[in-house]
C-alpha cells in the first residue's frame, strides 16, 4: 500500500477513536442524584419558595441541571392525585423526597415508603403529629422543618385587635382538608377572641368556589375584619383572598408575608421562605449521605410582622405607631 494511503488510513482510524472518547467518557459518568419534589399546590403558587429551596441546595454544593436533577410533581390542589404522584417518585427511587402542601400529603408519603428519605415543612409539632419520634433524633426516614403558624392564632388576633380596636366581629377562614390546622385554629381562636371581646365566625373552604361562596356570605353579614388561617391551599389562592378582601373593603390579617406583598393589609407568621431554604440544605445533606434519622428537626423561630401601609390608607385605617415600630416591614 502506498505510504500516503497508509498515512490516510491511520489518520482516519485516529480521528474515529478521538470521536469515540466523549461518548466513552459520557457513558462512564454516574447518573445525577435525583430530588423528588411533590407539592399539593401549583408551580405558579410555589415559584418563590422553589427559588429558596434551590438556594439551599446550592449552599451544599448542588445546582439543578449541573450536578443534581429535580423531578417536580404537582397535585394542582387535587388530593386524589397524590398517591399516584408518590408512587411514581417511589418507582424512580429518588435520592430524597420533599413533600409539601399539607400534612395529609406528608402522611401519604410516610405510608408510601420506609426507605426513601422524606423532608417536610409543617406548622405543628411533628412529634405530636406522629411524623417523628423526637425532634433531635427523628428516628425514621422523615425529618424537616417545624414552624409555628398554627400556634400563633392568639398573637395574630391580638395584632388585629390592636390595629382595629373597635372591631367586634371577625370572620375566620379554615380549610377542613387540613384537619390538624383547622382543629388548632378552632381550638385556639374562640378563647383568645373572647378575652378581647371579639366574636368569631368560622368559614370553611377547600376550593376556589367555596372561597367565593364564603365571601358572598361575608358581604351580607358584614363582619368587621377577616382572619385567614394558616394553610397551604389558602396560600396558593392568596391573590383570590386579597382581591376579595379589597373588593369588600375588609381589613384582614394573614399568616404569610406573601399576602401582604400583593396588597394584603397585614401578616404575622414564620418566615416560611427561610424554611424552604433550610429544606434545600437538608436535601443536599441527605444526598451527601446523611440519614434523616440523625438530622434534627429544625424549629423555625423567626417571626415577622408585615404591614401594607398603602392598603391601610386605601381602607382609611390609621396604623398605630406601636405597630409600625414593631413591624419588620411596612410596605409603602
Quiz item: Given the structure, is residue 234 at pLDDT 95 or above, buried (at least 21 other Cβ atoms within 10 Å of the Cβ) and part of a helix (DSSP H, G or I)?
Solution: no
Quiz item: Looking at the stretch 10-33, is at least one residue assigned to a strand (DSSP E or B) and modelled with pLDDT of 95 or more?
Solution: no
Practice problem: Give the residues of the stretch 167-178 that are modelled with pLDDT under 95 and either more than 17 Å from the chain's Cα centre (by Cα) or closer than 9 Å to residue 224 by Cα (or both), sorted by residue number. | Solution: 176
Quiz item: Scanning the stretch 55-72 for residues that are buried (at least 21 other Cβ atoms within 10 Å of the Cβ) and over 21 Å from residue 91 (Cα atoms), which turns out farthest from the chain's Cα centre (by Cα)?
Solution: 62
Quiz prompt | Conditions (1) out of contact with any strand residue (DSSP E or B) (no Cβ under 9 Å at 6 or more places or on another chain); (2) closer than 23 Å to residue 75 by Cα; (3) surrounded by 16 or more Cβ atoms within 10 Å (Cβ to Cβ): number failed by residue 188 | solution = (2)
Quiz prompt | Wholly enclosed helices (runs of 4 or more DSSP H) of the stretch 45-163 bearing at least 3 residues touching a residue at least 12 places away in the same chain (Cβ under 8 Å), assigned by TED's automatic domain parsing to the domain that holds residue 178 and within 29 Å of residue 200 (Cβ to Cβ) | solution = 153-163
Quiz item: For the subset of the stretch 219-231 comprising residues that are under 16 Å from residue 158 (Cα atoms) and modelled with pLDDT of 95 or more, which member is surrounded by the most Cβ atoms within 10 Å (Cβ to Cβ)?
Solution: 228
Exercise. Identify all residues within the stretch 206-225 that are touching a strand residue (DSSP E or B) at 6+ places or on another chain (Cβ under 6 Å) and part of a loop (DSSP other than H, G, I, E, B); write none if there are none.
Key: 223, 224
Quiz item: Going by the conditions given, is residue 173 surrounded by 21 or more Cβ atoms within 10 Å (Cβ to Cβ) and touching a strand residue (DSSP E or B) at 6+ places or on another chain (Cβ under 6 Å)?
Solution: yes
Practice problem: Taking residue 254 as the residue in question, decide whether it is assigned by TED's automatic domain parsing to the domain that holds residue 120, under 21 Å from residue 329 (Cα atoms) and under 24 Å from the mean Cα position of the chain (by Cα). | Solution: no
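The values are calculated or read from the model by the stated rules, or taken from the named source; none is laboratory data. Because the structure is a prediction, the values reported are computed rather than measured. No Cβ is skipped: glycine too gets one built from the backbone with ideal geometry, and neighbour counts run over all protein chains shown.
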